[in-house]
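The values are calculated or read from the model by the stated rules, or taken from the named source; none is laboratory data. Computed from a prediction, not measured in an experiment: that's the story for all the values here. All Cβ positions, glycine included, derive from the backbone under ideal geometry; neighbour counts span all protein chains shown. Please note that ligands, DNA and RNA were not included when accessible areas were found on the heavy atoms of the full protein model with its side chains. Shrake-Rupley method; radii C 1.70, N 1.55, O 1.52, S 1.80 Å.
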Amino acid sequence: MILAIETSCDDTCAAVLAPDGRRALSNVVHTQTEHARYGGVVPEVASRAHLERLDGVVERALADADVDLDDVTSVAVTVRPGLIGALLVGVSAAKGLAYARRLPLVPVDHLEGHVAAAYLARPDLEPPFVALIASGGHTALYWVGTDGMRLLGETLDDAAGEALDKGARMLGLGFPGGPEISRAAQNGDPARYDFPVGLRDKNNLDFSFSGLKTSLLYKLKALDEAGAREELPHLAAGYEAAVVEALSRKLLRAAEAHDAPAVVVAGGVAANGLLRRTLEEECGLRGLRLVIPPPGLCTDNAAMIGAAVPLSPAVPFPDYLALNARSV
Ligand code: KG4
Ligand code: ZN
């Protein structure tokens, strides 16, 4: 069995997977609630919370899978990119576990993990495909071939999730902002306000969300408090629609430009209902296979890290003691 650990941001995660990495037997996520009152993740608070929680989360992952440490044959862990202090907690725990049991350790790139979640959702999926990763820290398009991932385009400023989180904060909504904006947008008219879609007509595969944020700021400045409250559903709907349009437009453009038979969407923002519905429709029209893992595999989790094991070289015992986490 594979024991996988993920602590790159504000979720403390552990999972157990079958040896081929295509089936999760457990997937435990402890979401740190400590950050909510700050409206964003506080790195030092995250590391401390990981330190306090990780042992218990690993124990629960083993118990949920009904296995014990004797059944574990390799330990996988996110080594980059992320908050350095947060990553170090997971990497140190994984090193300790692997060393004590003389097991190999598999260092996993968080973004490759997000893409690998698609293999858990659809075990028959094979490269090539185009992948969109849209999370709180990243928004990027990749070509995924049999020989690995190649960057096609990325955000020039904020990540899509970051834009949703910042927009939610401006609208007086909670954190994380993505689900909050969706909820607020439920009865809103997305066409009531004109929000810019960054780099919409630029013939490239990059993203930009800073203009969208500024546009919301100006719209709010023009309203008084009561007006902003009244307009909230429409503002939220317009803002969400602009993010979704930017993401789906560039993903479809990438698939067309590279003649991809399938597209994968991963990362926390892939949990977004409007994005899912939009892409289901558009991919249906184009005969493109669309794979979006279920929401629990889209937001940060350790099962996706274990699913990247077949793609990531293992480091034998005890060479990994020299291994370091990296923020980028
Ligand atoms: O992948 P993830 O869990 O963590 C990072 O690696 O960043 O992504 C978190 C991001 C947050 O910005 C959050 O607002 C967004 O994903 N998110 C959503 C939804 N659920 C989470 N955005 C839109 N709709 C959702 N349902
Ligand atoms: Zn992530």
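Things to note:
- Hey, V269 modelled with pLDDT of 95 or more and within 16 Å of ligand 2 (Cβ to nearest atom) or not: yes
- Among the residues of the range 184-227, those that are more than 30 Å from A257 (Cα to Cα), without any contact (Cβ under 8 Å) to a residue 24 or more places away in the chain and surrounded by 12 or more Cβ atoms within 10 Å (Cβ to Cβ) comprise S215, L223.
- Selection from the range 143-167 of residues that are more than 26 Å from L17 (Cα to Cα) and either open to solvent by less than 10 Å² (accessible area, probe 1.4 Å) or within 16 Å of ligand 2 (Cβ to nearest atom) (or both): G153, E154, T155, D158, A159, A160, G161, E162, A163, L164, D165, G167
Conditions (1) more than 15 Å from ligand 2 (Cβ to nearest atom); (2) under 17 Å from A121 (Cα atoms); (3) in contact with a strand residue (DSSP E or B) (Cβ under 7 Å, 6 or more places away or on another chain), marked per residue:
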site: T12; (1), (2), (3): no, no, yes
site: V16; (1), (2), (3): yes, yes, yes
site: L25; (1), (2), (3): yes, yes, yes
site: E34; (1), (2), (3): yes, no, no
site: V41; (1), (2), (3): no, no, no
site: A46; (1), (2), (3): no, no, no
site: L51; (1), (2), (3): yes, no, no
site: A61; (1), (2), (3): yes, no, yes
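- If only residues of the range 272-296 that are within 16 Å of ligand 2 (Cβ to nearest atom) and either assigned to a helix (DSSP H, G or I) or free of Cβ contacts under 8 Å to residues at least 24 places away in the same chain (or both) are counted, the one that is most open to solvent (accessible area, probe 1.4 Å) is P295.
- Among residues of the range 1-23 that are free of Cβ contacts under 8 Å to residues at least 24 places away in the same chain, those with a Cβ under 9 angstrom from a residue that is open to solvent by 10 Å² or more (accessible area, probe 1.4 Å) and among the aliphatic types (A, V, I, L, M), sequence gap 6+ or separate chain, pair up as A18/M1; A18/A24; A18/L25.
- Test: residue in the range 307-324 that is open to solvent by 10 Å² or more (accessible area, probe 1.4 Å), within 28 Å of P123 (Cβ to Cβ) and touching a Cys at 6+ places or on another chain (Cβ under 9 Å): no
Residues are listed down the side, and each one gets a yes or a no for (1) open to solvent by less than 30 Å² (accessible area, probe 1.4 Å); (2) of a type outside the set (S, T, N, Q); (3) within 14 Å of ligand 2 (Cβ to nearest atom):
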| site | (1), (2), (3) |
| --- | --- |
| K95 | no, yes, no |
| L103 | yes, yes, no |
| V106 | yes, yes, no |
| L111 | yes, yes, yes |
| L120 | yes, yes, no |
| P128 | no, yes, no |
| A131 | yes, yes, yes |
| G136 | no, yes, yes |
| L141 | yes, yes, no |
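- Qualifying residue in the range 69-84 (condition: more than 19 Å from the chain's Cα centre (by Cα) and assigned to a loop (DSSP other than H, G, I, E, B)): yes
- Residue within the range 246-254 that is open to solvent by 20 Å² or more (accessible area, probe 1.4 Å) and within 24 Å of P196 (Cα to Cα) present: yes
- Residue that is most open to solvent (accessible area, probe 1.4 Å), among those in the range 229-245 that are under 18 Å from G172 (Cβ atoms) and without any contact (Cβ under 8 Å) to a residue 40 or more places away in the chain: R229
- Top-ranked residue in the range 124-159 [being more than 16 Å from D206 (Cβ to Cβ) and of a type in the set (V, I, T); ranked as nearest to ligand 1 (Cβ to nearest atom)]: V144
- So L164, is it more than 12 Å from ligand 1 (Cβ to nearest atom), of a type outside the set (K, R) and in contact (Cβ under 8 Å) with a residue 24 or more places away in the chain: no
- N301 meets each of the listed conditions (1) in a helix (DSSP H, G or I); (2) within 13 Å of ligand 1 (Cβ to nearest atom) apart from (1).
Okay, residues lined up against (1) hydrophobic (A, V, I, L, M, F, W, C); (2) assigned by TED's automatic domain parsing to the domain that holds D10; (3) open to solvent by less than 20 Å² (accessible area, probe 1.4 Å); (4) free of Cβ contacts under 8 Å to residues at least 40 places away in the same chain:
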{"site": "V45", "(1), (2), (3), (4)": "yes, yes, no, yes"}
{"site": "L54", "(1), (2), (3), (4)": "yes, yes, yes, no"}
{"site": "V57", "(1), (2), (3), (4)": "yes, yes, yes, no"}
{"site": "P81", "(1), (2), (3), (4)": "no, yes, yes, no"}
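- In summary, T299 fulfils each of the numbered conditions (1) polar (S, T, N, Q); (2) within 15 Å of ligand 2 (Cβ to nearest atom); (3) over 19 Å from G21 (Cα atoms); (4) open to solvent by 30 Å² or more (accessible area, probe 1.4 Å) with the single exception of condition (3).
- Among (1) open to solvent by 10 Å² or more (accessible area, probe 1.4 Å); (2) part of a strand (DSSP E or B); (3) touching a Cys at 6+ places or on another chain (Cβ under 8 Å), the one test that V41 misses: (2)
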